[in-house]
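The values are calculated or read from the model by the stated rules, or taken from the named source; none is laboratory data. Fair warning: this is a prediction, and the values are worked out from it, not measured in the lab. Please note: Cβ atoms are built from the backbone with ideal geometry, for glycine as well, and neighbour counts cover all protein chains shown. The area values use the complete protein model at the heavy-atom level, side chains included, leaving out ligands, DNA and RNA. Shrake-Rupley method; radii C 1.70, N 1.55, O 1.52, S 1.80 Å.
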Amino acid sequence: MHSIASCENMMELTLKLGLEIVKLGIITLALFVFYRNRALFEVSLPQSLLRKFTYVTTIFWLGFLVDVINDVYPTSFTKLLDDIIICLALLLGTYYLIDHMRRARVAVEPSKVLKGTPSLEKGAYLADTTDIDSILKLLAGKRVIALTRTPGIFKERGIPYLWLSKVEGENSIDPRRLPAILHHLISTADENTAVIIDGVEYLILENGFENVLKFLTALKDHLLLKGALLIVVVSPEALDSRQFSHLRREFEELDVKRLKKESK
């Protein structure tokens, strides 16, 4: 009987050790996959969040490693240590997640900048001009928000904006986070909203033309469904002829100078 009980205990310990080794192997594989594909993750997630994810995953890995060691050479210290390490990883991961969600919220919503009646009907337009004031006059009475690489222009005029930048700052958002940008612009829009995109060249530099075209067409479709207005500011000289032709097929070209004269 004693021999049978010993065999059962041995089998139980072997099974437990096997499971611990499998868990350690899985998290080791996850770390390896993350490292091999880190460039892909960097495109869609902020570097600070990726760094924190690495910290938490590494701590989990250490906890499982101590768990395996405890099964091979059990001591009262290692039995307690693995629980402490895993609890630390869970606490740290929860803190990082809550902190990221708090920082990810960009509290920017469209607001009226000029009184009056807008000169443009709802639609999606392509504007070849750097005269933001002329565009704003066409949007009088609309709630305006801008996505821009040059926030100073809009800040001076009291226009809410999202700043395309990899550096953390006022209203900044990583240009590579196109889904996050799309979600924010759509979620804050209604039938009285006008969205100005002033930074297409920079978006293309960071994401490639095809990805930016998909982003702009998706934004256009969503805003039109809401009855909103979209103006994409871009210079033909900044793009090659093929790229500009694609944009002209999706957006109506806007003659700002002519409309400005008509509105006087």
Classify the stretch 150-264 as rounded, prolate or oblate from the Cα gyration tensor: take a ≥ b ≥ c as the square roots of its eigenvalues, call it rounded if a/c is under 1.5, otherwise prolate when a/b beats b/c and oblate if not. rounded
Compute the distribution of all C-alpha to C-alpha distances in the stretch 86-221, in bins of 10 Å from 0, and list the percent of pairs in each, rounded to whole numbers. 11, 39, 32, 11, 5, 2, 0
With every protein chain in place, the accessible area of LEU29 for a 1.4 Å probe, in Å² rounded to the nearest 10, comes to 100
Please report, in Å, the Rg and the Dmax of the stretch 103-157, where both are computed over Cα atoms only. 12.2, 37
Label-point gap, in nm, between ARG36 and HIS183 - each point 7 angstrom along Cα→Cβ: 2.8
To two decimal places, what compactness ratio does the stretch 48-100 give when its Cα radius of gyration is scaled by 2.2 N^0.38 Å? 1.26
What is the percent carbon and sulfur in the accessible area of the stretch 114-264, measuring with a 1.4 Å probe over the protein chains and ignoring ligands? 49
By accessible area with a 1.4 Å probe, ligands and nucleic acids excluded, highest first: order of HIS184, HIS222: HIS222, HIS184
Rounded to the nearest 10 Å², the accessible area of TYR35 using a 1.4 Å probe with every protein chain kept is 130
Charge tally in the Cβ shell below 15 Å around LEU80, where Lys, Arg are +1 and Asp, Glu are -1, LEU80 excluded: -3
Residue-normalised value, i.e. accessible area per residue, for the stretch 60-158 at 1.4 Å probe, in Å², stands at 60
As an exercise, take the mean of 1/r over every pair of distinct alpha carbons in the stretch 145-191, invert it, and state the Kirkwood radius in angstroms. 11.1
Globularity index of the stretch 201-257, i.e. its alpha-carbon radius of gyration over 2.2 N^0.38 Å: 1.14
With labels modelled as points extended 7 Å from the Cα through the Cβ direction, what inter-label distance (nm, one decimal) is found for GLU210 paired with GLU168? 3.4
Provide ASP190, ASP99 ordered by accessible surface of protein heavy atoms (probe 1.4 Å), highest first. ASP190, ASP99
